[in-house]
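**Student:** The structure that follows is given in the form of structure tokens.
The values are calculated or read from the model by the stated rules, or taken from the named source; none is laboratory data. As the structure is a computational prediction, the values presented were derived from the model and not from experiment. Here the Cβ is made from the backbone with ideal geometry for all residues, glycine too, and neighbour counts use every protein chain on show.
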């Protein structure tokens with residue numbers, strides 16, 4: 001029987017479970033203001049990561065357009081802050 005550290009066991013469990021998306025969303029919520037700035041964060045109603053897709057919800061029309069133009073920069077900043085390939089696509093509602 002092989003031995004695993006508690007950290008390795010937890011990483012293995014999280015990689016195989018559905019909790020992974022929730023944990024990444026929680027991490028993103030912690031750094032969201034830093035990534036997009038104070039104004040955008042203020043008018044963002046909800047952010048969520050599901051299967052490497054970032055879902056952003058806002059009721060502010062001009063902000064939606066701005067976010068659409070900045071999708072690639074958002075992906076780049078999030079992946080830089082949270083780790084490679086955290087996000088591959090941004091969906092704005």
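**Student:** Only one residue in 27, 15 is modelled with pLDDT under 90, exposed (fewer than 11 other Cβ atoms within 10 Å of the Cβ) and assigned to a helix (DSSP H, G or I), so which one is that?
**Tutor:** None of the other options fit; the residue is 15.
**Student:** Further question: Answer yes or no as to whether residue 53 is surrounded by 14 or more Cβ atoms within 10 Å (Cβ to Cβ) and touching a strand residue (DSSP E or B) at 6+ places or on another chain (Cβ under 7 Å).
**Tutor:** For residue 53, the condition - surrounded by 14 or more Cβ atoms within 10 Å (Cβ to Cβ) and touching a strand residue (DSSP E or B) at 6+ places or on another chain (Cβ under 7 Å) - is not met.
**Student:** If you go through region 40-47 one residue at a time, do you hit one that is modelled with pLDDT under 95 and under 16 Å from residue 24 (Cα atoms)?
**Tutor:** There is at least one residue in region 40-47 that is modelled with pLDDT under 95 and under 16 Å from residue 24 (Cα atoms).
**Student:** OK, next. Only residues in region 66-93 that are farther than 13 Å from residue 40 by Cβ count as the first member; pair them with residues that are exposed (fewer than 11 other Cβ atoms within 10 Å of the Cβ) and modelled with pLDDT under 95, Cβ under 8 angstrom, at least 6 apart or cross-chain, and list the lot.
**Tutor:** What qualifies is 79/85.
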